[in-house]
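Worksheet for the structure shown next.
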Amino acid sequence: MSLQDRLKPLIRVLKVGSVIGGSLLIVTYHFREIYKSIDKIVNANVLNVEKKCIPEYIYIDDPLYNATISLEHDKEKSNNIGLSRIWKSLKHSLAWRLLWLSRHGNKEQRNLAIEKLASFKNNKVWDSFKIAQALDKSTAVLLARTYGADLDYFLPPPIHVRRAALSSELLSHKFIDILSTVDTLNPHSCIRQFLSKHLINIQDHLAEVDSIPTKPDSISEKELCILCLDALHHHIFIFHQKHYDNDASSSTLIKLGILPLLAEFMLRYRYDVDVDLAVLKILTVLSLYTNLLTDFFQNGLIGELARLIKSRDIRLASSAAVCLANLSGEFCYRPGLYLLHPLYRTKHVHVCDTLLVHGLRGGVFVTWRQRDKKCAEPIGIIEVTVSDVECEPCDVDSNNKNRFLDPDLQQVIEDIKEFEDEALLSSFEVVLQDLPIVTKREPVTNNMLTANKKRMALLQEEQDKCNYTHCWPKDWLPKDCSNLRILGFNYWSKLSDWLEGCPLKNADIESRACELSSTLLDAGVGTNNVVWLAHSMGGLIVKQLLIDAAQSSDPAYKNLCQNTKAVLFYSTPHTGSALATMPRAAAVVLWPSKDVKQLKENSPTLLQMHQSFIKFADSFNWETISFAENLPTLITAFKVPVHFVDPYSADLGRGPFYQLPLDHLSICKPATRQSVLYTTVLDVLQRATNCKVEHKLADSYIKQVFDLIWLIFSKVKHTKNTLQEDQTKHLYEKALLEAFTDGFVS
């Protein structure tokens with residue numbers, strides 16, 4: 001057999017193998033390409049949705065859900081054995097009964113049920129989650145505004161928001177698209193300037209490639225998102241309306257899904273103060289519309305607000321309190337108005353509103369802080385923030401350290417605290433903080449401190465030095481005076497036009513007074529006593545507001561004017577400031593803003609305002625107290641000493657006047673609660689609150705006596721006319737007794 005015949009079977013096998021192998025390769029290639037095409041169209045992760053290892057919580061709006069859960073709990077309670085399980089079942093049953101009462105009871109029952117539900121401690125996580133599932137949106141808001149509520153009572157953001165927070169997709173691009181959309185509705189130069197300034201790299205990158213652009217290298221993703229939210233807040237702050245149907249910007253934001261994006265942003269940067277502040281700025285505006293409560297609730301933002309209201313940062317807690325109060329419909333705090341006290345719901349009705357109005361380049365959380373080291377440093381022309389504040393908190397073991405330069409002085413102070421003999425202690429002179437160097441028209445009062453008060457004053461002074469506060473009216477006044485509501489008003493201002501500013505935010509004193517008055521009326525200010533604390537130009541705004549209210553025919557404005565009890569001015573330039581009349585050379589360098597130019601010395605507008613205010617203050621019997629600075633304020637890095645407000649301009653010419661050795665920034669910042677800057681305010685508020693309470697009690701008592709007498713005579717007359725003559729005396733006495741009984745019972 002030849003070699004060719006021998007190779008024929010092998011060649012035949014190779015041919016068949018090559019055909020089969022080629023066919024398999026072709027089929028495999030086609031299957032792989034088909035799989036790739038399908039994978040591009042369909043997300044394969046959706047097949048793993050049902051393979052979850054942890055329970056997911058959804059929003060249930062089924063009225064049968066509560067009944068089913070209650071039935072199962074009743075079964076569990078019947079099967080449980082033991083005292084601990086009996087107590088657990090009773091507690092759980094009580095929680096569900098309170099939850100039912102909070103949804104179906106009257107107002108008083110709802111408040112009591114929510115208060116008791118919030119007081120439950122040491123709850124099991126699973127029990128809290130089941131209660132969270134059964135909470136409706138209205139009950140959730142009220143529970144979030146209740147002190148001590150467990151955060152597990154509130155549902156987290158939905159599952160798709162939480163999954164998006166774990167992805168690497170850039171949120172900044174979504175915020176940019178939203179900014180561009182709202183700018184087409186209400187065109188504004190600030191938005192266009194922002195887009196051209198921070199996003200030019202992104203626009204160029206979009207023109208070059210088709211894929212998703214990366215963020216600019218010069219700025220982080222978090223910073224870019226915060227800048228976008230600040231620009232968005234600036235836009236809706238200017239164009240927001242009282243009614244949601246008229247607010248095109250806010251309604252567009254909701255349609256574009258701004259709320260889930262904000263929830264996702266907060267989840268990505270959990271417990272980040274800057275992120276929370278940026279989100280809260282937008283939520284405070286959107287919370288004005290109570291019809292958005294469902295959107296807030298379904299995106300898990302009620303739980304986030306409940307978390308932030310517990311924050312130690314006053315900016316976060318106050319903004320969260322404003323959002324929850326607006327969503328509950330109990331109050332309406334418009335943008336710029338901050339609720340400082342009380343943050344939570346309270347059963348005590350406030351009888352006095354304390355309003356804080358800052359001056360130029362100030363703010364609610366900067367102007368009204370306790371005095372710190374920054375007050376003595378030179379100031380620039382830029383705005384000050386809370387982060388610029390420096391303080392030295394006392395150590396726990398500070399009692400063992402020498403806090404006084406003179407050891408003998410330290411020993412004397414320690415001995416005074418331990419004195420028990422009041423006669424000996426009364427012979428010592430106690431010098432407290434912020435003593436005035438000049439006083440005028442000071443009321444005659446007995447300010448003599450007893451031995452016990454001296455000891456308490458020294459202890460309290462050291463305590464206040466150790467416990468620094470960023471807002472002394474919020475932290476100090478409620479401790480010494482009850483039934484207060486403290487509100488702070490923020491408005492934008494600047495010293496120099498070298499700074500960038502929005503042209504729509506520049507306003508004169510009259511416009512700001514009109515804006516403040518409408519904001520306060522929406523918040524219900526004017527129905528109770530009102531006390532004003534105003535610093536610098538804020539005092540001029542308050543004066544213009546009260547003048548307009550006194551001249552108005554609107555009853556609400558009249559109430560605001562008539563219920564004003566006192567106005568305290570801290571370095572208010574009643575006749576103008578020398579800063580506004582600087583030489584031309586200095587004006588060219590500083591380039592004073594429009595706000596500063598309104599404060600020219602002896603300006604006809606200011607003088608007319610001053611005369612009108614004095615006339616209405618005498619007419620309505622407003623109590624006025626003025627404080628003046630005596631030290632110059634250092635400005636710029638060159639430490640140029642400038643007297644912002646001279647003492648003669650800060651003197652209203654009416655009421656007590658105090659001149660203190662402080663500069664313009666420190667004049668409204670008491671060092672401790674023993675400072676005259678604080679004790680004067682406290683004295684005014686105690687008189688305002690006590691007067692209101694006594695007035696209410698007097699009216700109620702007189703009304704009860706009058707109603708009782710009228711009830712007695714009406715029953716006696718009816719009895720004498722209808723009863724027979726022989727039973728007149730007996731039934732007359734009986735009717736008299738019934739009348740007294742009904743009167744006291746009612």
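The values are calculated or read from the model by the stated rules, or taken from the named source; none is laboratory data. Owing to the predicted nature of the structure, the values given are computational and were not obtained by experimental measurement. A quick note on method: Cβ atoms are made from the backbone with ideal geometry, for glycine too, and the neighbour counts reach across all protein chains shown. Surface areas here come from the heavy atoms of the whole protein model, side chains and all, with no ligands, DNA or RNA. Shrake-Rupley method; radii C 1.70, N 1.55, O 1.52, S 1.80 Å.
With N counted as the residues of region 137-190, its alpha-carbon radius of gyration over 2.2 N^0.38 Å works out to 1.76. Computed from backbone phi with θ = phi - 60° and the Karplus coefficients 6.51, -1.76 and 1.60, the 3J(HN,Hα) list for region 171-183 is 7, 4, 5, 5, 5, 5, 4, 5, 4, 5, 5, 5, 5 Hz; x is used for glycine and proline. A cut-off of 5 Å between modelled amide H atoms, ignoring neighbours fewer than 5 places along the same chain, links Thr633 with Val642, His643, Phe644, His664.
Highest mean packing first, where packing is the average number of other Cβ atoms within 10 Å per residue, the peptides 356-362, 135-141 line up as 356-362, 135-141. Electrostatic bookkeeping for Ser619 treats Lys and Arg as +1 and Asp and Glu as -1; over the other residues with beta carbon under 15 Å from its beta carbon, the sum is +2.
Ranked by the mean number of other Cβ atoms within 10 Å of their residues, highest first, the peptides 668-677, 610-619 fall in the order 668-677, 610-619. Accessible area of Cys561 (1.4 Å probe, protein heavy atoms only, ligands and nucleic acids ignored): about 0 Å². Tell me which residues come under 5 Å, amide H to amide H, from Val438 once H is placed; ignore anything under 5 positions away on its chain. Long-range HN contacts for Val438: Gln659. Students often get this wrong, so check it: of Lys597/Lys669; Lys600/Lys669; Lys121/Lys242; Lys543/Lys639; Lys222/Lys310; Lys310/Lys465, which have C-alpha atoms separated by over 30 Å? Lys121/Lys242; Lys543/Lys639, as the Cα separations exceed 30 Å there. Computed from backbone phi with θ = phi - 60° and the Karplus coefficients 6.51, -1.76 and 1.60, the 3J(HN,Hα) list for region 116-121 is 5, 5, 6, 7, 5, 10 Hz; x is used for glycine and proline. Take each peptide in 156-165, 545-554, count the other Cβ atoms within 10 Å of every residue, and average; sorted highest first, the result is 545-554, 156-165. Applying the Karplus relation 6.51 cos²θ - 1.76 cosθ + 1.60 with θ = phi - 60° to region 131-146 yields 3J(HN,Hα) values of 5, 4, 5, 8, 5, 8, 5, 5, 5, 4, 5, 5, 5, 5, 8, 9 Hz, where x marks Gly and Pro.
Between Asp618 and Tyr648, the C-beta separation translates, for a Förster distance of 25 Å, into a calculated FRET efficiency of about 0.75.
Remark: accessible surface ordering of Trp476, Trp100 (largest first) is Trp100, Trp476, probe radius 1.4 Å. A full extension of the chain between Trp126 and Asn291 corresponds to an added length of 56.3 nm, given 0.36 nm per residue minus the alpha carbon distance. Below 8 Å, C-alpha to C-alpha, sequence gap of six or more: please give me the relative contact order for region 118-178 in percent. Across region 118-178, relative contact order equals 40 percent.
Close amide H pairs (under 5 Å, H built 1.01 Å from N) link Cys352 with Arg485, residues at least 5 positions away or on another chain. Annotation: extensible slack from Leu151 through Val640 equals 170.9 nm (criterion: 0.36 nm per residue apart, minus Cα-Cα distance).
Taken about its Cα centre, region 622-688 carries a charge dipole of roughly 180 debye when the Cβ of each Lys and Arg holds +1 and the Cβ of each Asp and Glu holds -1. Remark: the Arg312-Asp230 segment gains 27.3 nm on full extension, using 0.36 nm per residue and subtracting the alpha carbon distance.
Thr252 sits with roughly 30 Å² accessible to a 1.4 Å probe, with DNA, RNA and ligands left out of the calculation. For the set Arg6, Arg145, Arg334, solvent exposure ranked by accessible area (probe 1.4 Å, protein chains only) runs largest to smallest as Arg6, Arg334, Arg145.
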